[in-house]
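Below: one structure, written as C-alpha cells.
The values are calculated or read from the model by the stated rules, or taken from the named source; none is laboratory data. Treat the numbers as computed from the prediction; the structure is a model and nothing was measured. Side chains included, ligands, DNA and RNA excluded: accessible areas come from the protein's heavy atoms. Shrake-Rupley method; radii C 1.70, N 1.55, O 1.52, S 1.80 Å.
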Amino acid sequence: SGPQMNAMPRRPASRLEQLLRSRQFVITAEIAPPVSCDADDLLRKARPLRGLADAVNVTDGASARANLSAPIAAAMLAREGIEPVLQLTCRDRNRIALQADLMGAAACGGHNLLCLTGDDPKAGDQPETKAVFDVDSVTLTATARDLRDKGELPSGRKVAGTAHFFLGAADAP
C-alpha cells in the first residue's frame, strides 16, 4: 500500500533521489565490480566517475558471473564519496541473506537500491550453479520498502536504526 494521505513527506534518501524529484537531468554510470580481491581494482574504475556521474550503479553478479561482492563494493564507493546505486538480485540469496544485505546497505550509506530478479545461472560461466530465487524482485522491493517505512522485517521483527532507501526496480514490458 502507498503512503498515508496525512503522512509527512519523507526527506530524500540520497542526492540521486533529490535530483530526480526536482526534475533535474541526471547522469548515472554502471560498474561491474572486478573479479578481484584487491579493493584498488574497484576504486581505480570508480574514482574517475566522481564528479561526473551523479550516481554509479554497482552490478550484482551481472551475466550470472562471480565478482567482488556488490554490497561491499557499494559501501566502498560510498566511503569514497561516490554515490552508489546498489543492485541486489534474488538469484543468489535467500530472503534472510537479502534482508541482512538490506540492513548492511542502510548501515553503510547504500541508500539507492535497484531490486532485480537476476540472470539465469545457465547464462553464466558456471552453468551448473543452482539458483536460489527464494523471493522475486517485487517481494524484495516490498521488503526494502517496509524496512524503510515501518522499520521492520517481513516477520514483523523490529529493526534498530533507520533505512533511508530510494528504491528502484526494472521492468521488461
> Any idea what diffusion coefficient the stretch 43-107 gets from Stokes-Einstein, in µm²/s, Kirkwood Rh on alpha carbon pairs, 10 °C, 1.306 mPa s?
Replying inline: 129 µm²/s
>> What number comes out for accessible area per residue over the chain if the probe is 1.4 Å? Units Å², please.
In response: 58 Å²
> What is the set of long-range amide H partners of residue 57 at a cut-off below 5 Å, with H atoms built 1.01 Å from backbone N?
Replying inline: 29, 30, 31, 85
>> If you build the convex hull over the alpha carbons only and average its shadow over all orientations, what do you get for the stretch 36-173? Give it in nm² to one decimal.
In response: 9.0 nm²
> So what is the orientation-averaged projected area of the stretch 80-143, using the convex hull of its C-alpha atoms, in nm²?
Replying inline: 4.9 nm²
>> Suppose a student asked you for the relative contact order of the stretch 10-105, using Cα pairs under 8 Å spaced at least 6 residues apart; what percent would you report?
In response: 26 percent
>> How high is the relative contact order of the chain? Use alpha-carbon pairs under 8 Å, at least six apart in sequence, and give a whole percent.
In response: 20 percent
